[in-house]
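The structure appears right after this line, and notes come after that.
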Amino acid sequence: MSADTSAPATQASPAAPEPVDPTLVGTTATRAERGRMRVPWRFIGGRAAFYLFTAWAAITINFFIPRLMKGDAVDAYMARSQGQLTPDAEKALRLMFGLDHSVPLWQQYLDYWGMLLRGDLGVSISTGMAPVGDAIAAALPWTLGLVGFATIVSFLVGTVLGAVIGWRRGGRLDVLVPVTTFLGTIPYFWLGLIFIAAFSSVLGWFPAGHAYEVGVDPGWNAEFIGQVLSHAALPVITIVIASLGGWVLGMRNMMLTVLDEDYITVAQAKGMPNRRVLWRYAARNAVLPQIQSFALSLGFIVGGTIVMEMVFSYPGIGLLLLGATNAKDYALMQGIFLVLVMAVLVANIIADIAYAILDPRTRQTEA
Amino acid sequence: MSIPVPPEVAQPAAGAPETAALLTAERRPAPRRTFWTQLKASLAMFGNRKSAAGLIILGVFTLVAVFAPWIAPYSPTAQHLDATLEPPSWQHLLGTTHIGEDVFSQLVYGTRGVLVVGFLATIMATVVAILVGVTAGYLRGWKSESLSALSNVFLVLPGLPLMIIIASQFQDPPLWIIAAVLGLTGWAWGARVLRAQTMSLRNRDFIQAARANGEPLHRIILVEMLPNLMAIIASSFVGTMTAAVLGLTTLAFIGVIPVSNLNWGTILFWAQQNSAFPDYWWWYVPAGLCIALLGVALALINFGIDEYVNPRLRSAGERARALKKRGIDANAAVTAVRTTASPTSFPAARAAADPESTTA
């Protein structure tokens, strides 16, 4: 039996001294593929063009939204100061924000690009004229750390669970699919509030909100880290619960499709251990659409953090955006939106690279 | 060796071939294609139990929304100042709020707000998705690529922040603006899926034949292609509606949408503003459960459509269960050959065949 499968391997490398496991070597085709990993320049070029176009479109939308609306940041600021500012001050503010009506729109657009390229996002009215970049830099690590961690945990747990459910099809684990889907249809903010009510107000296991207690000094000491972890527990748990269902369902559906393929039957007929068939043959192929939707779902995840941060008063970028919206602080809103879009784009680029590594077909067909 | 063949088995071989009888049998007349049979065929994807259950729940919610004034015992904004924050009673089925509004009445009227905006947003998003997706799939070259790039851009833009930024620009947005904002951020996924499916349909024989016959473009798309895209359109409709309902209630809860538009999210907004959590459960539990129930109904419809499009999703579990009933593991690499018929003697037979395992 083994003589048949190892024949191509011995043909290609006749000097192989010790007998090798034929299942590890693979076919001649896979080795030929491994041998010449050509760089698919056209594929990379196409993706790069798409990302540049998306970035340009997002920045342009970002530029136009506040300008198309009636009333701008300066109007809002003047209204709030209730006549304490002179018209001269208004004019100065307009110059500062690049909202001067006497400057034509295309000039404003070019100025906006110039500011962006210099890394200048303008100043934020609602946080006391601080640079927008500083305000975002203070909030971003909290969001990235918490939501990034929760999302990766949810993706890994959901995908592994979906693979096992698909493998043991028809078993008792099938119940998990509707259960996790139900948990996913619960509105996140409600789930968060219920968890706060149950585990914080009634049981008192976890703190109800904020990233750490007021009196604690931020720094690399045990007390602060412990505080951060205990404050992050409820948000992480709720995000994982709310987002698990999609990963489980997607992976399980893909597994059911893949498990009917001929190569699974062949792998089993060769007597390959079940664990290897499950993870290296079935799951590896079934996970590809998951990675695609992982990248696409990042936009929704970023949106979800707004609600999470509002419910848990977590000092991240979502709370900052809400504050900016309420204060009509357009510079801050634009800056945050820009950062969010860029984050999603970077995540998509990473997912593209992962996809190209995992699935050689994308490199071949697109190139 | 010469076993006598029973006559009833030997007969077909000896006599006339069976197929001749089939061939000469009177052909059944094809069922007449009426409007109703066509409607029934296009609704086949809702014919399974999961879809039906989802549609029934959705139908009940729709009825509640339509007949809200007859179902609700009070006006949703009527204040009963002598009965504030009361737990559920026969007077107020789901209790009252901090200013004595009837929570049940608010819930009933809120259904209307959710469904009107939800359907409106979904219809807008689906129309855009069909227009962009089918056109992008049917055309070739730069036109197709640029439409695809457009939907990809909207797919990448974070939806909720965009909704918040746009919705906050309006002082008192009317219903259709809220729906348009939700639709604007929700059409891209459907367009992407539709484009992929249209591209695969474009090269099928029946489309080529229609084109060769000189059928006009709108007829090819409307009559030849759209019926084959119905399942995908339905599935993206349901998915968009789920997103729209969650988006609407979230926006209302955040307080971006004016509270005059009563929906389930507004109830939760007031509940949180007046610190109803965790004591006044009758104020915040029903609204959340309603959103979840509507979400479950939509998910069930989608499960049913998925199983209709990809029958493996249903049959895989059924086949594995059938195998298990006969004592076979669907994942076993080697199929066990059972030499004895009765299951009671099976362990004994295995022990006899493999004495090492019992001693080790």
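Of (1) closer than 30 Å to residue A:139 by Cβ; (2) in contact (Cβ under 8 Å) with a residue 24 or more places away in the chain; (3) buried (at least 17 other Cβ atoms within 10 Å of the Cβ), residue A:197 satisfies all except one. Which?
(2)
Please verify whether the range B:164-174 includes one or more residues that are among the hydroxyl-bearing types (Ser, Thr, Tyr), within 28 Å of residue A:332 (Cα to Cα) and in contact with a helix residue (DSSP H, G or I) (Cβ under 6 Å, 6 or more places away or on another chain).
Looking through the range B:164-174, at least one residue is among the hydroxyl-bearing types (Ser, Thr, Tyr), within 28 Å of residue A:332 (Cα to Cα) and in contact with a helix residue (DSSP H, G or I) (Cβ under 6 Å, 6 or more places away or on another chain).
Which condition breaks for residue A:314 when tested against (1) more than 11 Å from chain B (Cβ to nearest Cβ); (2) part of a helix (DSSP H, G or I)?
(2)
Buried (at least 17 other Cβ atoms within 10 Å of the Cβ), among the aliphatic types (A, V, I, L, M), within 23 Å of residue B:157 (Cβ to Cβ) and modelled with pLDDT under 80: which single residue out of A:354, A:331 fits that description?
Exactly one residue qualifies, and that residue is A:331.
Inspect all residues belonging to the range A:177-190 and state whether any of them is within 25 Å of the chain's Cα centre (by Cα) and more than 23 Å from residue B:54 (Cβ to Cβ).
The answer is yes; a qualifying residue exists.
Can you name every one of the helices (runs of 4 or more DSSP H) wholly within the range A:90-186 that holds 1 or more residues which are away from chain B (no Cβ under 13 Å), buried (at least 21 other Cβ atoms within 10 Å of the Cβ) and at pLDDT 80 or above?
Those helices (runs of 4 or more DSSP H) span A:132-167.
Mind listing whichever residues of the range B:218-245 are of a type in the set (A, V, I, L, M) and closer than 30 Å to residue B:289 by Cα?
Within the range B:218-245, B:231, B:232, B:233, B:234, B:238, B:241, B:243, B:244, B:245 meet the criteria.
Condition check ((1) at pLDDT below 80; (2) closer than 30 Å to residue B:61 by Cα; (3) more than 29 Å from the chain's Cα centre (by Cα)) across all residues:
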{"residue": "B:263", "(1), (2), (3)": "no, yes, no"}
{"residue": "B:271", "(1), (2), (3)": "no, yes, yes"}
{"residue": "B:275", "(1), (2), (3)": "yes, yes, yes"}
{"residue": "B:278", "(1), (2), (3)": "yes, yes, yes"}
{"residue": "B:287", "(1), (2), (3)": "no, yes, no"}
{"residue": "B:299", "(1), (2), (3)": "no, yes, no"}
{"residue": "B:316", "(1), (2), (3)": "yes, no, no"}
{"residue": "B:346", "(1), (2), (3)": "yes, no, yes"}
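Tally the residues that are farther than 17 Å from residue A:61 by Cβ, surrounded by fewer than 18 Cβ atoms within 10 Å (Cβ to Cβ) and under 26 Å from the mean Cα position of the chain (by Cα), restricting the search to the range B:136-157.
Result for the range B:136-157: 0.
Quickly run through the range A:124-149 and pick out the residues that are of a type in the set (Gly, Ala, Ser) and out of contact with any Pro (no Cβ under 7 Å at 6 or more places or on another chain).
Those that are of a type in the set (Gly, Ala, Ser) and out of contact with any Pro (no Cβ under 7 Å at 6 or more places or on another chain): A:124, A:126, A:128, A:130, A:133, A:135, A:137, A:138, A:145, A:148.
Just to be sure, is residue A:315 in contact (Cβ under 8 Å) with a residue 12 or more places away in the chain, in contact with a His (Cβ under 8 Å, 6 or more places away or on another chain) and surrounded by fewer than 24 Cβ atoms within 10 Å (Cβ to Cβ)?
yes
Conditions tested, residue by residue: (1) within 12 Å of chain A (Cβ to nearest Cβ); (2) touching a residue at least 40 places away in the same chain (Cβ under 8 Å); (3) in contact with a Cys (Cβ under 9 Å, 6 or more places away or on another chain); (4) small (Gly, Ala, Ser).
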residue: B:202; (1), (2), (3), (4): no, yes, no, no
residue: B:219; (1), (2), (3), (4): no, no, no, no
residue: B:235; (1), (2), (3), (4): no, yes, no, yes
residue: B:242; (1), (2), (3), (4): yes, yes, no, no
residue: B:269; (1), (2), (3), (4): yes, no, no, no
residue: B:275; (1), (2), (3), (4): yes, no, no, yes
residue: B:279; (1), (2), (3), (4): yes, no, no, no
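Among (1) farther than 19 Å from residue B:251 by Cβ; (2) assigned to a helix (DSSP H, G or I); (3) at the interface with chain B (Cβ under 7 Å from one of its Cβ atoms), where does residue A:271 come up short?
(2)
As an exercise: evaluate residue B:294 against (1) within 10 Å of another protein chain (Cβ to nearest Cβ); (2) more than 30 Å from residue A:209 (Cβ to Cβ); (3) modelled with pLDDT of 85 or more and give the number of the one condition it does not meet.
With respect to (1) within 10 Å of another protein chain (Cβ to nearest Cβ); (2) more than 30 Å from residue A:209 (Cβ to Cβ); (3) modelled with pLDDT of 85 or more, residue B:294 is out only on (2).
Would you confirm whether any residue within the range B:179-193 is more than 12 Å from chain A (Cβ to nearest Cβ) and closer than 22 Å to residue B:224 by Cα?
Checking the range B:179-193: at least one residue is more than 12 Å from chain A (Cβ to nearest Cβ) and closer than 22 Å to residue B:224 by Cα.
Residue-wise test of (1) under 29 Å from residue B:191 (Cβ atoms); (2) in contact with a Phe, Trp or Tyr (Cβ under 6 Å, 6 or more places away or on another chain).
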{"position": "B:68", "(1), (2)": "no, yes"}
{"position": "B:83", "(1), (2)": "no, no"}
{"position": "B:93", "(1), (2)": "no, yes"}
{"position": "B:114", "(1), (2)": "yes, yes"}
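Out of the range B:172-206, which residues are over 14 Å from residue B:241 (Cα atoms) and either basic (Lys, Arg) or not in a helix (DSSP H, G or I) (or both)?
Listed by number, the residues that qualify are B:172, B:173, B:174, B:192, B:195, B:202, B:203, B:204.
Residues being at the interface with chain A (Cβ under 7 Å from one of its Cβ atoms) and in a helix (DSSP H, G or I): count how many of those fall in the range B:146-165.
Selection size over the range B:146-165: 10.
What's the number of the condition residue B:77 fails, among (1) in contact (Cβ under 8 Å) with a residue 24 or more places away in the chain; (2) surrounded by 19 or more Cβ atoms within 10 Å (Cβ to Cβ); (3) out of contact with any strand residue (DSSP E or B) (no Cβ under 9 Å at 6 or more places or on another chain); (4) not aliphatic (A, V, I, L, M)?
(2)
The values are calculated or read from the model by the stated rules, or taken from the named source; none is laboratory data. Predicted, not measured: the structure shown is a model, and the values here were computed from it. Here Cβ is always computed from backbone atoms with ideal geometry, including for glycine, and neighbour counts include all displayed protein chains.
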